[in-house]
Structures are given as C-alpha cells and as structure tokens.
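Novice: Questions regarding the structure given below will be posed in turn.
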Amino acid sequence: MRIAITALVAVGGIVLALVSALLLAAPLGGAPFDESFSNPRLVYAPTLAVIGVALVFSAAIVYELMPRIGDD
Amino acid sequence: MAASRFLFGPLTTLGAAEESDSGDHTGTVDEWVPTTCWIGKQDCGMLAHRIDGRVVKLEGHPSHPRNMGTLCPKGVGQITALYDPNRVMTPLIRTNGKGVKGEFRAAGWDEALSLVAEKMNAAREDDPRKLIWQKGRSKAKSFYDKAFVNASGATKLHHGAYCSDAGYRACEYTVGPHGVLHPDFRNTDYVLAWGWNITAGGGNKTCWLTWNQQLIEARARGVKVVVVDPRVRAAGAYADKWLPIKPGTDLALALALCNLVIGQDTLDRDYLRKYSNAGYLVQEDGKFLRIDDVEQVWDETTGGPMPHDADGVTPALEGEFTVGDQTVRPGFQVFKEHVAGYTAEWAAETCGLNADDIREVAADLGSKASIGSIRSFDGVDVPHRPVSIMTYHVSQQELGFQQVRAQVMLMMLLGAMGASGGTMVDWTWKVHKNYAGLDDIEITDTPNIYLNKSKFYPINSNNSSIVAQVMNDPEAFGVDYVPEVAILHMVNPLSSFLSEEDLVEAYKKFKFVAVIDPWISRTADMFADVILPAATLEKYEGPPSGTDQYTDAVALRVPIQEPLGQSRGDIQIYLDLCEAAGILFGEGGYLDEVNKALKLSDEYALPLDRKPTEREIFDNWSKDQGIDEGVSFFEREGVLVKGPVSATKRYGYAMDEPFGGAIHRLYGESLQGYQEEMKKLGVSENYWKHYTALPTWQKPIMDTSPAEYDLYLVSYKMIEFKQGRATQSPLLAELAPKQRLDINPETARARGLEDGDAVLVESQNAVTGFTRQLKTVVHITSSIRPDTVAMPHHYGEIARSPVTEGQGPTPNVLFFTGEGYTANTGDQSFHVKVRVEKA
Amino acid sequence: MATSTQTQSPLLPYGVGRFGAGWGVVFLLFLVLLAVGLYGYSRQLIEGEGVTGLRDVGTMGGAPWGLYIAFELWFVGIGFGAMMLVAAARLAHIDLLKPLVRTMCVIALATLFIGGWSIIVDLGQPVRAVVNIIKYARPMSPFFGTFTIGLVAAFAATLVYLFLDGRRDAAILARRPSRWSWLHRLAASGYTDTEVEKHRRRRSSALLAGALLVVAIVAASTSGFVFGIQQGRPGWFGALQAPGFVVLAMLTGTAATVIVAASLRSGLGEKEALGSRVFTLLNTVMLVASLVYIYFIVVEIITSSYSSSLADQRVTDALLTGEYAWMFWLSAALFIVGAALSIFRATASRSSIWLVVVAAIAIIIGALLKRYLLVVPPLTTGRLLPYADGSYSPTWVEYAVVGGLISLGVLFFMIFMKLFPILGLNDREENV
Amino acid sequence: MTRLGMVIDLEKCVGCRACMVACKVENNTPESAFWMYVFRLEDGEYPESRVSFLPRPCQHCDNAPCVKVCPVGARYTRDHGIVVTDWDRCIGCRYCEVACPYGVNYFNYKKPKELQYLNWENPDVEVHSQGEVPPYKNPVLAGKFGPEQRKVAGGGHTKGVMEKCTFCVHRVDSGLDPACVVNCPVGALIFGDLEDPESPASRAIADKPAYRLLEERDTRPKVRYIGAPVSSTAREIERPKVRN
C-alpha cells in the first residue's frame, strides 16, 4: 500500500511533468513560423511541470513519512 | 485585477503599463501638414505628421521633384530643431560684459525691439556704413533680407567662409552664370568629381539628396566617375577611379589636363571660335588688340584682323600674326603655349599622382566628349559633350579662383560648358551681373569694410575674417570708419569664419550687436546685446525653388504649428523691427522693398501704410503667381510642380541667344590689368600674384612652412551636418558624436597613434610664423593620403546646448586668413600645414 | 562527539544553538556585505541596468551578459557538484563522506539558491519574470524554459534528501532540552529509528541519490546547452559544453566541499570526523576531475584553433593572445597548479590538509575565471558582422550585488549550522 | 502565404544613414538604439582602399534563433513572418540578444524616456515651451496588433525590456512600407511579399543575384542583399554614438 501510493505519487509526478512540459507548454521543435510557438497550450503549464517534478521527489517523503496504515 | 495591478503596475521595475493610452485611437486628431525642409539648403518638400497638435514625424513630400517623398538624415532629424528645449524662447538682453560667456535676462518683445531699433537708427543717422547686417545661409528666396538691407541701408556681409565663392567668381568671370560646376547628370557619361565628395557633399545649388538620386541613376546608366580628392571616403564606392591629389595642387592638374587635351587635339574649335574669346588677338603686352575699341580676331577667310563680332568671321585659334607693328597671337595660341610646360609627368610630380592616370583622364575626356555630336531635346538640337566636372568647396584654397577657372577652361576646350551631358553652372545660363562687373572693376582708394574693389582684393567675395582684420587696423587697409552696430541673423562668424582671435577683437569694437537666432551661437554668447528668438520650422518662409534641374517646381514653407515659446518667424521679426525703427511704411520703406524684391505687380502689391501678416505677404505673392487660391494652395498641397525645364533654358547652346550673349573668357585680359594696377598702388606680391590672364601654377605659400609641419590639413563636410544648424540636434549628433582627425594608418603608425587616441594638431602660418593648436581624437582611415589629415566642419558652433558639449572644436581654429591663406578674391583657404602629435 | 563545545553547553553538538562572538562577527560582516549588495541592486532596480557595465552586443559594443551570469554558472555548478558528491557518497557507500553529506546538501542548496537569485538580478523585469516564467516558460528555451525547471528540480531533490537524511540526527537533538528542540522535533517529524524506518531510509535514500545524480547531471548539462546550442555566438557552439559543465560542476562542487570542510574542521575543531582521510578522498576526486577538465580545455582550444570561421578564430585569439589572455592563462595556471598539488598530495608521504585546500582554492577561482571567459569574450569579440570590438567591465553595482549574493549563501549556511548540526552525527550516537 | 521581406541594394546605398534617423523618429526609439543600422566600412590599404555600406535591419529570420530561445514566448514570429517582441511579456533576460548572430537587439538599460528625442516631459522642456506643446503621443505605437492582439510595435520603450526592428509592424499592418524603406533617398531599400513574384521586393531580386547575411548559420533571413558581399576583412569606420 505504502509502495503503491509512493509509486502513484512518483509516477503521477513524472507524468504530470512530462505531459505539461511536452504537451501543454509551448510547442517544441522546428522553425517557429507562427505565434502559436510562443504560447503554452495551457497557461501555467510550466507551473504544472515544476509541481510534477517536485511531486516525484516528495514521493520519498510520502514513502518515509506516511503514517502506518497497517500493511507492516 | 488587483494582482495584475500589483504585478504590472507602474512600479519602476515593471513599467509595463506605462502607456495607459494603449491602442485607443479615438479622439486623437491625426493630420499631415505640407511644408518645406528648413535645415538643409535645398528646401525639400515635407509633410509633417501631427497628432493632437504635436508634430511626431517629418516625411518627404512625394510630389516634390527634389526629394520625391524622401529626406536626408538632417531632414528627418530636424524635428529636434523644432522641439529643442535649448532653443531661445524669449527675447534676451545681456546683463554682463562682452567677450565672455553671456548672461542674459528675459525681456519682452517691445523692449527688445525698441532697443535694437534705437541703436540701429543711431548708427544709421551717424553714418549708414556703421550698420552691418549679416545672415547665415538664407533659406528659400531671400526677398525679406534684401528688403531689410535696402530699407535700412545696412552693409551686407557674406554668409560664410565655407561656400565656394572663389569658384562662383571664377564662373561668373569666365562664363557668366552664378554658381560652380556640376554635371548634366541625366545625360553625362563622365564625371570628374573634383575635390568634392560625390555622395556626401551636396551640390552648390541643391543639397546632397538630389545629387545622390541623380548620381545613382547615372551610375545605373554606366556613367564613369573619377574622384580627384586627397580623401575619398563615401565617394569611393561610387568612383571608378580615385586620384588622391595632394592638397592645393588642383590647379596644376587642371593645367596639365588642358595641355593634354590640346595635345591630343580633342578640341571643340567651333565652340571656341563662336562663344569664347579664344580667337581674340593678344598683343605682346598681354592686352587684346583693339581697333575702334573692338577686340580683333584673325579671320582665316580673309587672312587679316577683323572685329570679333563681324558677320561670317572664322577666327584663327592658332598662329602668330603681325598687325601693324604688333605681333599678335590668338588667345588660344597664348594659352596653348602657356600650358605647354604643364606635362603629365610634371603634374604627377607636383600633385603626387601617377602620370598614366592623368593621361587616362585626358584621353577619356577627349574620347567621351564625342565632339561634333548632337542630341535633340523636344526638337531642339544641342551639342552633346557628355563630360563634366563637379567642383564645389575645393575652390576655397589659395589658388581657388584660378583653379576653378582652369577647370572651366578644360571644359571649354571640349565644348562641354552648357552642352548636353556637359558641365553646368546654374540652373539656367542666365548671365550674372558680375560677368560684366568683375571685368570692369574700378579700384578705389577708400574701400568699404570688406575691402570691396580695393587694391587688395579687386575681385571680392566679402569675407568676414578680412572684415575683422580691417576693423582691427582700418588704417592699414585705407578704411576710414569702423562699423558700430551689427545685426546678425542666424550667422555665427566666430565659428563659421576663421582667425578667431581677429574676430573676437573685432566684435569687441561693435557698440551693439543684435542677434536673430533660435539658438545661442558662440558669437551670440560672447557678443550679443540682444537676442531675438527666431522660429525654426514653425513659420512662413519662401518661396523656395523646387527644381532638380530637370523639373521645375515651387513650394512654400508653411508653419507646422504656432511658433514655439515667444519665438517669431523671421519675416515677422523684420516687420516688427522695421515698424519699431520707423522704416516699415511708405516709399523706400520695408514694405515697399518687399514688393520690389518679390516683384509683386501693382494689383497684389502690399499697401504701404498697413502692416501685413506673414501669411498675407505669401497670399499676395501666390495670387500674383497666378494661383487664384492664394497661399491656401500651398497650405494644402505644399508644392506646385510646373513641369519639365525646357532645353532652351537648361543648355547654354540652346538659349535664344546662346549663353545669354556672354563671350566666355578663356583669356582673362582684365585680370592682368588688375595686377598691373595693384602693383602700381603698392600691395604685397601675395595679393597680386594670382591676378594673371591665364591660370598659372604657383607653389602654395603653405608649402614654405618649416619641415616639421609635415602634414596637410584639409576640412570637409559630413552628410550629417552639411550646412550647419545640426550639431545641436541630438538625433544628428548621435550619428556623428565627436570631432575627429582623419589620418592614414601608415601616418598614424609612424606616430604611434591608434584609433581614438587624443592628439594635438598644430598649424603654422608660413607668412607670419604664427601657430595655432587644437586637441581632437584620431580616426584612422585608409581613404586619405598619407601626407594629409582631415577634419569635418560644424562642430563647436552652438554655445548653449548640452548636446554640443564635448563634441570638440571646429577645424577653423587651425586655418589662417590673410596672405597665402586667402585666395586673390578674398576667399578663405581651408588648407594649412600642420603637425600632429599624441596629446 | 565534539569535546571542545561541551565546556559551556554540553547539550547540542557542533555549536548548534550557540551564537559565539566569532560567529557573530563573521555573520555581521556578511550581513553588511548583503546590505551593500541590496543597495546596489536597489540602484539597478530604480535606474535600470544602465548602472551595470552590461550593454548590447553589435553597435553598442558591449556584453549583455556578464558578471551575474558568470557567477550564476559558477554557483549552480558548485551546487550540482555537491549534489553529485552526495549521490556518490550514498550510492558507493563511501562512509568517509557520511559526516559531510549534510554539509554538501547545504552547500548545494545555498549555491542553487543564490544561483537562482543571480538569474533574477540579471533580469530587466524580475517581478514580471517570476510570473511569466511560471505562466509561459517554453521548454525549447534552454535557459529559463528547461534550466529553471532543472534548478527547481535540483533544489527540491536536495531539500528532500536533506530533510529525510537529517531526520535521525534531528530526533537525537530533539530529545535534548534546548530552545530549538521544537524545530528539531519538527525536522525529525516522528522519526523513531526503528528497523522498519531504517530499512525505508536505506531504500529511499538510494533511489533519491540516484535521482539526485540524474538531476544534477541533466541540470548541469542544460546550463551547458544554454551556450552550446548557440550557432550565432562564436565560441559557444559545441558538443563539449554540456559534458564540460558536468565535469566542472563535479570539480568545483568537490573543491567547495574541501574548503567548507576545512573551515569546519578548524572552526569547530572537528579533527576526528573530518580527518585527513576525508581530504585524501576528496583530493582524489578533485585530481581526476581536474585532469579530465584540463583535457577538455585542451581539446576545446585545439578544436577552435582549427576552426574555419574567422569569428571563432577571433574569440580564440582574444582568449589565447588578446585582451583576455591574462585571465585565460591565469585560469589555466590555477587548474594546473590545482591538479599538480593534488598529484603531489596523492603521492606525498605526509598528508597535509592545507595542500588540498590550496588546490581547491586554486581550482575554484580558476573555475570562476573560466566561467567569466565562457560568457564575456564571445559577446565582446565574437561578432559575425563587422561591428567594432566590444568591451565589458563590471561596475561597482555588479560587484556589490555579487558580493551580496555570496553573502546570502554564506548567511544561509551560517544560520543553518546554528539550527542543525552541520555534520552528520556519529553512527555510534545513542539510539533515538 | 505572405512572407514579408526586405531587399537591400548595396549598389545604391550611399551610407547616408537617413534610414536610421527615419526609424528612430518613426518608432521614437531611445538614444544609441539603432533598430536600423548602417555600417560604414572600409577595406584594403591606401590607395586601393574601398568603402562600402551595409544597412542592417532585423533580418526577420524564418528560422529565428531569438524566437527559439525566448523563455517566455515574448519574441515570436507573427503573421507574414515578421519577428516581433511582445514588450508586455518580455522579462529582460537578453537571451534573444546573445543568440542573434546579427546584433539587432537593443535592451532598455535605462529609463527610455530620458533618452528619447521626442519626449516632451522633461521639466526643462516644459519650462521653455510654456506648456504650449502637447506631450508626445503616438497611440498607434502603443496599440495591440494582429489577430493575436499583442503589444509589439515600437511603443514599448519600457525599462528592462528588449526591443528591435519590427519592420514597422504598425505601418505594415495598415498597408504602408516600413519608415526606412519609404525614406531611402536612393531607393536602396525595397519591401514586399517574397512569395509574390509581382511584389517590388521579388522583382528587385528577380534578375539579380541576391544573398542573405550569414547564410551558413541557417537562420534563413527574409532580408536579401544585392551587390558585392562585405569582405570579411572590412573594418568599421565612423561609428555613431554607441553607448548611452
């Protein structure tokens, strides 16, 4: 259970970071030919990416600090 | 919202929302007002963009022939002349002593005007010669200047030493029109840009802008350009060849070219016979052979002397003949013999050039002149001699007058003066009164303050530096008075003339100096008793010509807003001043003189008993010109394009009376006459030695300076400041922020100088031994002869402007006036020997 | 246990909770420096960056990036290096470094923190930047798009590591009566030192250390990419930039650790935990990293000397023989001296600590110069159009601000060491 | 698709720098900021020295390095390929500037108003003008442009923000040519749609070889040059006031 929740937080963080950086933020790659390259597809997507990254590491805190739930 | 206010509010670190009026165009009044350029000399048509009464930009007027919708950097930048916070905004009256930095108090117009009127009238009553009036370059038509001079009886001094007056005198004397040499750009195949920066210098009649447009068009056509100049700079990109001539030796080159052209026999004999005095017979004493007061030629048909104006004569150009007991030779023969010693090798040695290059120029001139060819313009046949010389400020040197004469003579040999594609002087071939006047000077013992018709300068261009020398020692020049009151209108003699110490001494002698100017010039700062603030762009002025030499047009300067502060338009100031002085009304009064100067017909003449507005004057003038609408036509359209200039006006050959009836003076008989008279009256050789019938090479006096003065200093104009009134514009000062000394890398290396180093430049007067110094910085450029250094003009003119602070001095500090440094016409030389060392 | 600290207050180790006079003087000194920096920065905020020596490339002939960016790279490089050491200590079970893990974490946090601030002070619109970066940051832009994310990640990872790694020591301290026990209790956050917890600690610290290593290398590389991908700036473009950044980070992180460890050793009189063997180990790391880095410099110079591009040549010339030659050769000399001292130390019979410290100081200064040389000369001399040569010399504002930033880092460190034991407590320490 | 570009005919340019002043007045740019700059260059030794001129607006690259590196998307390529700066978003990091090989970026290191020529808010000026002259105002420059409605014209002049040539976006959007092009006395600057073979720009390069600056950097500028390329040994002379 502890491991599952930890993994969930970590994977969630990675997914959030990747999705927001690659899909929600401003487009990557190529010669930028129009205005859309300058705007994130979702405003504050970079914040989400940062939160995602932070989540990955806080998974460790979750893992170590989560109150005993009864699995061990 | 509050958050964004916090984040983007007008905190100093953010400032994003500083423009609170972003994008809201409603309620603004957006207008375009036509007017003409004020800062340059050719009065380009302009449109002022005005938003809510504030002019935000000046653009070229698209239909003005001279600029066709474009402007030069000065034209665009002059918006800062309009809104210059350092302009004089109220009349000022001096509160401290003269000759030092001025202290002024603001005064009302009434007080200032009545003070000037009182002083001016006192001088006039005492002796009208004691009133001096001087103006910098007149913008547009100077009718109101002329009217003031006539109404007040003031002595008019010339506008500036920079101009090309020696060249003007040479052209007036030799061929008639008022101007110096420029090409018929549309038709020429060969341009000898002589001492004249073809892309940054401007022409003598129009500014830089029109010439460049015409040059670029001509280049596209394939015109060949040869630059003769110690410094090539911007012209280099548009020159096929650069002849880096040694300063002061232009006459030697011109004479050698004449010799070569004669030698290769590429002569337009027809022109020489018909329109010049080349066939006039010259006696051994140098005078023309005259019978019954008529100059004689040797008629080849009859084999004897004939009056030059006799029908059907064919004057001999060469040979030696005997008439009575006289041996006579045609003027051309005299000239041919005179120049025979001026070989290509000799000139190469003298001018620091290559003999082959000189021969190539002569050969090109000969072949490209296509002597005998004709071109037709709207059914008018005009000789086509597509070779031309462009000459301008280069005339301001010791040998300037004769040097330009030799250049004109070179073109005369080829028949190119006034021909299609040839060399022009003025827009038309109207003969100036000096053509006769300069040939017929009666030297007087009691010359006026600028030594007009004196034994020193019989031909005289009116140079304020000489005026200063005369004022400081009138007896030495036989002058019996000293002027007491000066009215200086946008002129700054202290900087725009030379020999500053003489000028300072002289101006101290003025009991009263009134200045009309938008800025406090150095002269005003030191000597003005009263400063009357003139408007810049916000006034009526004109009418300026709009011709580009091919299309004729006329425009008008229309105020683009009310005069700033308490400043007034120049015309308004003269109306007010004349009213205060009691010379406005009645016959011979200012209004009467305005009517005459504008040639207003009776119908539109200004009434002599009522003070008109500036606008009224131009309304009357416009109507008199046949523009029914009056001045509002110009207020709406800006420019009246009249159409193409006809060939009969443009080409001397094509005029109803070819060349306006002037006989071109290859042989300058009267010049020799002046020399004889000057010798008799006892002046030093330096004054009379350049008065010779034919241009004669004589080594410049500056070359006798001691050997340590091993560099020639020449001066030049930059496009950014051409015509002055520009160094105080922050936009233009930004382009050319600092005075500098152009120096060849080799010369710099030899002195251990690097770009940007501070240097002392010291000049030496070879006649008096005086030296002068200034400090500037090094600008290394390969576009200059190693034995020559150069400095641009117009720095150091305006005294009271933070923009001009630290820009550096004018090179005029280093030049001398007087024997050896003044042409025989009284014109300033801008050549001197200097030494340069690290400061 | 530190014996010298037991005379006055036997309670907390390593001077935690006790603010001595020496500490106070140093603290005050840096506080003054910080105040000067703040004043300088306030001038910059009010007047604009015209008060700095920074100016535009091209016609203005300046460098738009200067001291701030050079120090930023230097700061974060030290931080990333410290992170790598932390990770290495855990992953390779280097027990010798255990007492220094917390020190290295704090070094990393302090330098990353002031590194971040160095970017902020360089910006024309700092407040706007904070908002716009979290709103609009573009992953394609190495500097703020990815690098700031890297910086945040590195900071977060180190913070988490420091926190979890310190719970046991905090719990030990929390049991002792002091004014700060509440803080230590908070930091301990319920740590009981049970076997289960120890087990979790081992697993998670290994994973975290791995993450730390990855994040440090990625972030250090990204800061190399800020320059390495710029085709338009002669002297920057190159595949070696990113690995060079990683190696230099490792090198400077180690050097900084050496210097801090030596200061702690003398300041805290901690000869036992920070024994000669610790320095020998760090010296070995420095030695390897400095040799690799010197090799990188040589490769870089040889490559650019053969560059066909005149503009690249010009930058190389400016470095080797021109305006910046003194700095370049000084930095090279410092690296070589550092490496030589390390070699000497590694082979010498006597094991002096000061030798290592001198080598570390030489290297860390050499690295700073190298950072300056990376940023500035390509901007002032690396021109592709015929602009005249540029110049850049920092103004007092920049020196003051950089001094302030360093002070900020030092103060951060000094405060931390009074709240928590800066060195890890001995394993023999009583159980919680 | 319209791609607006500029053709610069070096065979015509006489280096007068009128375009620079026209740009400054049009966009009211601060001192020492030359969105349009004209190099005056010299090459070779006396007497074979050669002078040449090189006008340098922003190159408006198709593959703009500045756009790629902008961390917040303040620098972007808008309709018709014009590269602009959103001065409302720019954070002043100058990354665009260090990435640009052409040196076209100008940062506001000081309060621009103090350095502007048309600023009429200077207290000294107010005293002199006696309040008669209305303040400088050009609402067009401060406006929002295009479908994206962002502030990109020369109206920003905000301290701590980057600026550069906009191809006079405010003029181009209303069908006018850029100020420098309109003002060039010798017609050396030509503007138009590079995709449209009938545009003045396309016609100007139709029968003459044209090249782009620093082609090897693959920035693909929309500014084309006609005439002899500038020699790599050319040195700059007659620099304007370059530092403020």
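Novice: Can you give me the long-range amide H partners of B:L711? Hydrogens built in the peptide plane at 1.01 Å from N, cutoff under 5 Å, separation of 5 or more residues or another chain.
Specialist: Here the answer is B:V834, since their amide H atoms fall under 5 Å of that of B:L711.
Novice: Where in region C:287-306 does the amide nitrogen come within less than 19 Å of the point 7 Å from the Cα of C:I336, taken along Cα to Cβ?
Specialist: Residues C:287-305 qualify, since their backbone N sits under 19 Å from the label point.
Novice: I've got another one for you. Using each residue's phi in region C:200-208, evaluate 6.51 cos²θ - 1.76 cosθ + 1.60 at θ = phi - 60° and report the 3J(HN,Hα) Karplus result to the nearest Hz, with x for Gly and Pro.
Specialist: Per-residue couplings from phi come out as 4, 4, 4, 5, 5, 5, 5, 5, 4 Hz.
Novice: Same structure again: Placing +1 at every Lys and Arg Cβ and -1 at every Asp and Glu Cβ, with all other atoms neutral, what dipole size does the protein assembly as shown have around its Cα centre, in debye to the nearest 20?
Specialist: 8400
Novice: How many Lys pairs in region B:217-341 lie less than 24 angstrom apart by Cα atoms, where the lysines are 8 or more positions apart or on different chains?
Specialist: Total qualifying Lys-Lys pairs in region B:217-341 comes to 5.
Novice: Between A:V43 and C:L186, how many nm apart are label points set 7 Å from Cα along the C-beta direction?
Specialist: 3.5
Novice: Separate question: How charged is the neighbourhood of B:G279? Take every other residue with its Cβ under 11 Å from the Cβ of B:G279, and add Lys/Arg as +1 and Asp/Glu as -1.
Specialist: Once all neighbours under 11 Å are counted, the net charge is 0.
Novice: Residue by residue through region B:303-320, which ³J(HN,Hα) values in whole Hz follow from phi under the Karplus form 6.51 cos²θ - 1.76 cosθ + 1.60 (θ = phi - 60°), with glycine and proline marked x?
Specialist: Here the 3J(HN,Hα) series is x, x, x, 9, x, 4, 9, 5, 5, x, 6, 10, x, 6, 9, 10, x, 9 Hz.
Novice: OK, next. Can you give the Rg/Rh ratio of region D:4-236, where Rg is from the C-alpha atoms and Rh is the Kirkwood radius?
Specialist: 0.98
Novice: Here's another thing I want to ask about it. Just in region C:224-325: which chymotrypsin sites (Phe, Trp or Tyr not before Pro) are loop by DSSP and have at most 15 other Cβ atoms within 10 Å?
Specialist: Sites meeting the loop and neighbour criteria: C:Y306.
Novice: Only bridges whose two residues both fall in the protein assembly as shown count here: according to DSSP, what percent of them are antiparallel, nearest 5?
Specialist: Around 65 percent of the beta bridges assigned by DSSP in the protein assembly as shown are antiparallel ones.
Novice: Among the listed pairs B:K156/B:K453; B:K130/B:K156; B:K57/D:K24; B:K509/B:K775; B:K430/B:K722, give every one whose C-alpha distance is greater than 19 Å.
Specialist: B:K509/B:K775; B:K430/B:K722
Novice: Can I ask one more? Give me, ordered by chain and number, the residues 5 or more places off B:R375 or on other chains with an amide H under 5 Å from its own placed amide H.
Specialist: Those lying under 5 Å, H to H, from B:R375 are B:V382, B:H384.
Novice: Here's a follow-up. Restricting things to Cα coordinates, could you compute the convex hull volume per residue of chain B in Å³?
Specialist: Enclosed volume per residue, from the Cα hull, is 190 Å³.
Novice: Can you list the residues, at least 5 places off or on another chain, whose amide H is less than 5 Å from the amide H of B:L414, using H built in the peptide plane?
Specialist: B:D268
Novice: Distance from the Cα centre of region B:620-662 to that of region B:577-617, in angstrom?
Specialist: Each part reduced to its Cα centre gives a spacing of 24 Å.
Novice: Using the Karplus curve 6.51 cos²θ - 1.76 cosθ + 1.60 with θ = phi - 60°, what ³J(HN,Hα) values do you get for each residue of region C:343-359, in whole Hz, with x for Gly and Pro?
Specialist: Listing the rounded values in order: 5, 4, 4, 5, 9, 6, 7, 7, 10, 7, 7, 5, 4, 5, 5, 4, 4 Hz.
Novice: Exceeding 25 Å between C-alpha atoms, which entries from my cross-link table qualify? They are B:K41/B:K642; B:K101/B:K717; B:K205/B:K511.
Specialist: B:K101/B:K717; B:K205/B:K511
Novice: While we're on this one: Stretched out fully, how many nm does the piece from B:D356 to B:K599 gain, at 0.36 nm a residue minus the Cα gap?
Specialist: Here the answer is 82.1 nm.
Novice: Which residue, B:Q333, B:T350, B:A363, has the largest displacement toward the positive end of the dipole of region B:325-366 when charges sit on each Cβ (Lys, Arg +1; Asp, Glu -1)?
Specialist: Working it through, the farthest residue towards the positive pole turns out to be B:Q333.
Novice: Order by neighbour count: B:D602, B:D592, C:D56, fewest other Cβ atoms within 10 Å first, most last.
Specialist: Final ranking by Cβ density, sparse to dense: B:D602, B:D592, C:D56.
Novice: May I ask you to sort C:R200, B:R615 by Cβ crowding, counting other Cβ atoms within 10 Å and putting the fewest first?
Specialist: So the ranking, lowest neighbour count to highest, is B:R615, C:R200.
Novice: So, with +1 on the Cβ of K and R and -1 on the Cβ of D and E, and no other charges, what is the size of the charge dipole of region B:297-345 about its Cα centre, to the nearest 20 debye?
Specialist: The dipole of region B:297-345 has a size of about 100 debye.
Novice: For region B:701-838, what is the percent of antiparallel DSSP beta bridges, rounded to the nearest 5?
Specialist: Of the beta bridges lying entirely in region B:701-838, close to 70 percent run antiparallel.
Novice: Same structure, new question: With each label point set 7 Å from Cα along the Cα-Cβ vector, what nm distance links C:Q313 and C:L28?
Specialist: Distance between the two pseudo-spin positions: 6.0 nm.
Novice: I'd like the GluC sites (Glu not before Pro) in region B:731-839 restricted to DSSP loop residues with at most 12 other Cβ atoms within 10 Å, sorted by number.
Specialist: Answer in residue order: B:E754, B:E805.
Novice: With +1 on the Cβ of every Lys and Arg and -1 on the Cβ of every Asp and Glu, and nothing else charged, how large is the dipole of chain B about its Cα centre, in debye rounded to the nearest 20?
Specialist: 1540
Novice: Evaluate the distance, in nm, between pseudo-label points positioned 7 Å from the Cα of C:W329 and of B:D265 along their respective Cα→Cβ axes.
Specialist: 7.3
Novice: May I pose another question? What translational diffusion coefficient, to the nearest whole µm²/s, does region B:701-838 have by Stokes-Einstein, given a Kirkwood radius computed over alpha-carbon pairs, a temperature of 37 °C and 0.692 mPa s viscosity?
Specialist: Estimated via Stokes-Einstein, D reaches 213 µm²/s.
Readers should treat all values here as calculations from the given coordinates under stated rules, not as data from a laboratory. Because the structure is a prediction, the values reported are computed rather than measured. Glycine also receives a Cβ, built like all others from the backbone with ideal geometry; neighbour counts cover every protein chain displayed.
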